[in-house]
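**Q** The following block contains the structure, expressed as structure tokens.
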Amino acid sequence: MKIAIGSDHGGFHLKQRLIPVIESLGHQVENVGCYDDSSVDYPDYAELVSQKIIAKDAELGILICGTGIGMSIAANRHYEIRAAVCHDEYTAEMSREHNNANILCIGERVLDPELAENIVKVYLATEFEQGGRHQRRIDKFSR
Ligand code: RB5
């Protein structure tokens with residue numbers, strides 16, 4: 001899959017760690033920035049990754065900030081985006097299986113890096129449970 005990844009300064013170091021992990025799983029990664037740990041504004045990177053998903057230029061996105069919260073709030077301004085803050089493997093799995101989350105949001109300041117790697121692995125490996133009640137629920141907040 002093609003994965004768009006972005007972070008602010010609060011998520012920069014975790015992003016640098018995750019990119020080779022994602023590539024080692026056979027995915028193509030597009031890093032939209034930031035490119036060092038100078039202070040930047042997370043909505044700018046949430047927007048870049050969201051636009052990649054909306055344009056179908058990437059299948060899934062990953063956004064990393066200090067907590068994952070700001071990124072998810074910003075990305076979810078788009079009705080096409082279902083951005084989920086996940087804090088363990090279970091929430092990562094459910095975000096795909098039940099919510100069809102097309103962006104994973106995680107926080108560098110709140111996650112052990114190994115747990116963050118596992119969250120990303122589970123997120124990328126889990127499929128949406130097509131049709132039925134989950135699609136009906138998503139349709140209720142999608143145009
Ligand atoms: C930046 O200091 C921090 O506010 C940001 O990374 C993020 O955690 C916001 O939600």
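Read-outs throughout are calculated quantities, based only on the coordinates presented, and are distinct from any laboratory measurement. No experiment lies behind these values; they were computed from the predicted model shown. Neighbour counts are summed over all protein chains in view; Cβ atoms, including those assigned to glycine, are modelled from backbone coordinates with ideal geometry.
**Q** Limited to the range 60-105, what total is found for residues that are away from the ligand (no atom under 16 Å from the Cβ), in a loop (DSSP other than H, G, I, E, B) and over 11 Å from the mean Cα position of the chain (by Cα)?
**A** Selection size over the range 60-105: 7.
**Q** For the range 108-129, give me each residue that is surrounded by fewer than 22 Cβ atoms within 10 Å (Cβ to Cβ), within 16 Å of the ligand (Cβ to nearest atom) and either without any contact (Cβ under 8 Å) to a residue 60 or more places away in the chain or of a type in the set (G, A, S) (or both).
**A** Of everything in the range 108-129, just one residue is surrounded by fewer than 22 Cβ atoms within 10 Å (Cβ to Cβ), within 16 Å of the ligand (Cβ to nearest atom) and either without any contact (Cβ under 8 Å) to a residue 60 or more places away in the chain or of a type in the set (G, A, S) (or both), namely V110.
**Q** Could you pull out the residue among V49, V21, V29 that is in a helix (DSSP H, G or I) and surrounded by fewer than 20 Cβ atoms within 10 Å (Cβ to Cβ)?
**A** V21
**Q** May I pose another question? Only one of these conditions is not met by H13: (1) within 16 Å of the ligand (Cβ to nearest atom); (2) under 14 Å from the mean Cα position of the chain (by Cα); (3) touching a residue at least 40 places away in the same chain (Cβ under 8 Å); (4) surrounded by fewer than 15 Cβ atoms within 10 Å (Cβ to Cβ). Which number is it?
**A** Evaluating H13 over (1) within 16 Å of the ligand (Cβ to nearest atom); (2) under 14 Å from the mean Cα position of the chain (by Cα); (3) touching a residue at least 40 places away in the same chain (Cβ under 8 Å); (4) surrounded by fewer than 15 Cβ atoms within 10 Å (Cβ to Cβ) leaves (2) as the failure.
**Q** Is there any pair with a first residue in the range 65-80 that is free of Cβ contacts under 8 Å to residues at least 12 places away in the same chain and a second that is part of a loop (DSSP other than H, G, I, E, B) and not β-branched (V, I, T) whose Cβ atoms are under 8 Å apart and which are 6 or more apart or on different chains, and what are they?
**A** Final answer for the pair search is N76/R82.
**Q** Something else: Looking at this structure, is C34 crowded, with 18+ Cβ neighbours inside 10 Å, within 11 Å of the ligand (Cβ to nearest atom), farther than 30 Å from D139 by Cβ and in contact (Cβ under 8 Å) with a residue 12 or more places away in the chain?
**A** Here the answer is yes, as C34 does meet what is asked.
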